[in-house]
Amino acid sequence: MTRPTAVVVGFIGKLPFAGMSLYNLHYIAGLQTLGYDVHYVERQNKPEEMYDPVADAMTDDPAHAIDYLGEVLPEFGIAPGRFSFIDRHDRCHGAGWSDLRAVLDSADFIMTLCERAWCDEFARCPQRAFVDGDPLFTQAAMLQSDGDTAAVLANYDTLFTYGTRIGMKDCMVPAAGRDWIATRPVTATRYWHVTAASPSSPISGVSQWTGGSPVELDGRTYGYKNREFDRFIDLPQHTTQRFSLAVGGSGAPLTRLRELGWELVNPLEISGTIEAYQEFISASRADLGIAKHAFVASRSGWFSDRSTCYLAAGRPVLHQDTGFTDWLPSGSGVLSFSNMEDLLDAIERLNSDYDAHALAARRIAEEYFEAATVVGRMLDDCGYR
């Protein structure tokens with residue numbers, strides 16, 4: 001019997017950081033568990049869209065991206081002939097155009113992960129879903145008259161969003177004229193082994209300080225993580241707990257962070273390989289999940305995909321409340337907070353019964369975020385299976 005085929009469009013090669021890779025690979029793992037053969041595709045959408053870690057620079061040359069895909073994908077069940085990379089000049093590397101067209105003609109569906117990517121060949125597959133991991137930012141871009149986001153997403157019949165509260169009265173994420181299906185991030189627990197945490201391990205965080213210009217929507221300004229982090233920047237001054245932070249992006253106040261007691265690590269080193277990223281998480285006591293201002297202010301219901309990695313590794317999560325407590329219980333394994341007082345209380349509760357929180361963390365990963373379960377529900381919700 002022929003196995004069904006899913007085409008996943010992602011960004012593993014273009015942004016070869018471990019967290020980015022796992023974002024895609026967890027979805028692939030879920031589809032594989034559900035019995036799908038996966039053909040992986042990347043599309044270069046604009047100049048200098050790819051990061052080359054050797055040169056430490058953005059580049060137009062797809063060579064490193066293609067090499068990285070050839071190294072990583074086979075380790076996660078994608079054979080060398082099962083991925084295609086379409087560069088800006090419409091050259092199709094890896095499995096070439098003839099192979100890709102044949103796959104698209106027979107595929108059950110395309111699932112595009114966060115990438116506002118499109119090429120006309122994708123139309124060969126009639127069922128096409130887009131997964132929005134950046135609620136409010138995506139919808140605001142769709143409403144811009146001078147942008148192409150709405151036109152690109154018009155090619156997708158199904159739109160999922162991590163904005164789990166979209167459509168609720170107090171949620172400020174607009175629908176932008178489309179119907180959205182709420183979903184959540186995924187993790188594949190088989191890739192994460194639970195080890196005992198040292199009592200002296202730090203609570204850690206991985207942050208991109210900024211992600212672009214603030215977004216103006218309906219008279220309000222929505223910002224990035226730096227705007228929320230400023231509210232908690234002196235956290236180490238209020239507790240004896242250690243904190244480790246891998247922070248990237250321009251404008252991060254590294255000197256001030258060190259002076260306030262944050263132990264800074266190089267984000268490129270801990271995310272350079274999947275193994276290094278897993279070791280960093282396993283060497284942590286818990287995750288400190290400070291969210292983008294837009295996710296918090298809009299009451300989006302967003303939950304961090306990075307936090308699901310910590311949960312899968314048996315590490316509890318301290319996560320800023322975005323409204324996700326509507327669907328994810330808080331108090332054991334996941335502890336939500338809205339202000340400094342909440343956060344300090346959550347840290348005290350975490351340390352007072354750490355082993356119970358660690359056990360609950362893995363259980364939450366399996367119950368709420370296991371890739372096969374979440375992806376299976378997505379396919380049922382949109383009628384793809």
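Before moving on, here are some points about what is shown:
- Dividing the C-alpha radius of gyration of the range 91-242 by 2.2 N^0.38 Å, with N its residue count, gives 1.36.
- Residue exposure proxy: MET111, MET340, ordered by other Cβ atoms within 10 angstrom of their Cβ from fewest to most, comes out as MET340, MET111.
- Rounded tilt (10° steps) of 340-352 against the dominant C-alpha axis of the chain: 90
- According to the calculation over all Cα-Cα pairs in the chain, the P(r) per 20 Å bin from zero is 28, 61, 11, 0 %.
- Taking every alpha-carbon pair under 8 Å whose residues sit at least 6 apart, the range 246-328 reaches a relative contact order of 27 percent.
- Taking 7 Å steps out from each Cα toward its Cβ at GLU275 and MET168 produces label points 4.3 nm apart.
- Acute angle (nearest 10 degrees) that the helix 371-382 long axis makes with the longest principal axis of the chain, alpha-carbon atoms: 60
- Residue of ALA55, ALA102, ALA294 that the Gaussian network model of the chain assigns the largest fluctuation, springs spanning Cα pairs under 10 Å: ALA55
- Taking a straight line from the alpha carbon of LYS14, these lysines sit under 19 Å away, with near neighbours fewer than eight places off in the same chain left out: LYS46.
- Per-residue 3J(HN,Hα) values for the range 60-72, derived from phi via the Karplus relation 6.51 cos²θ - 1.76 cosθ + 1.60 with θ = phi - 60°, read 9, 8, x, 4, 5, 4, 5, 4, 5, 4, x, 7, 7 Hz in sequence order (x marks Gly and Pro).
- Only helices enter this figure: runs of n ≥ 4 DSSP H residues, each worth -39500 (n - 2.57), summed and divided by the residues of the chain, yield -9000 deg cm²/dmol at 222 nm to the nearest 500.
- Packing, taken as the mean count of other beta carbons within 10 Å per residue, orders the peptides 298-306, 347-355, 374-382 from highest to lowest as 298-306, 374-382, 347-355.
- Amide H partners (placed H, <5 Å) of MET111, local residues excluded: VAL7, VAL8, VAL9, ALA129
- Its Cα gyration tensor gives the range 189-368 an equivalent ellipsoid. The semi-axes, each the square root of 5 times an eigenvalue, are 24, 19, 17 Å from largest down.
- Highest-first arrangement of 79-87, 196-204, where packing means the average Cβ count within 10 Å: 79-87, 196-204
- Between helix 97-106 and the chain: long-axis angle, C-alpha atoms, 0 to 90°, nearest 10: 80
- Normalised by the number of residues in the chain, the mean separation of alpha-carbon contacts (under 8 Å, six or more apart) gives a relative contact order of 16 percent.
- Under the criterion of Cα pairs below 8 Å and six or more residues apart, the relative contact order for the range 189-368 equals 23 percent.
- Nonlocal amide H pairs with ILE86, under 5 Å, H built at 1.01 Å: GLU42, ARG43, GLN44, HIS93
- Cβ-Cβ distance of ASP234 and ALA55, R₀ of 30 Å, FRET efficiency by 1/(1 + (r/R0)^6): the value works out to about 0.25.
- The range 301-310 - phi-based ³J(HN,Hα) in whole Hz, Karplus 6.51/-1.76/1.60, Gly and Pro as x: x, 5, 10, 6, 5, 4, 4, 5, 5, 4
- Couplings 3J(HN,Hα) for the range 113-123, derived from phi with the Karplus relation 6.51 cos²θ - 1.76 cosθ + 1.60 (θ = phi - 60°), are 9, 6, 5, 7, 10, 7, 9, 4, 5, 4, 5 Hz, where x marks Gly and Pro.
- Under-5 Å amide H pairs with TRP180, H placed in peptide plane, nonlocal only: none
- Inter-probe distance in nm under a simple model that places probes 7 Å from Cα toward Cβ, at VAL265 and THR221: 3.4
A short reminder: the numbers here are calculations on the coordinates, not readings from a lab. Not measured: the values here are computed from a predicted model. Don't worry about glycine lacking a Cβ; one is built from the backbone with ideal geometry, like all the others, and counts go over all protein chains shown.
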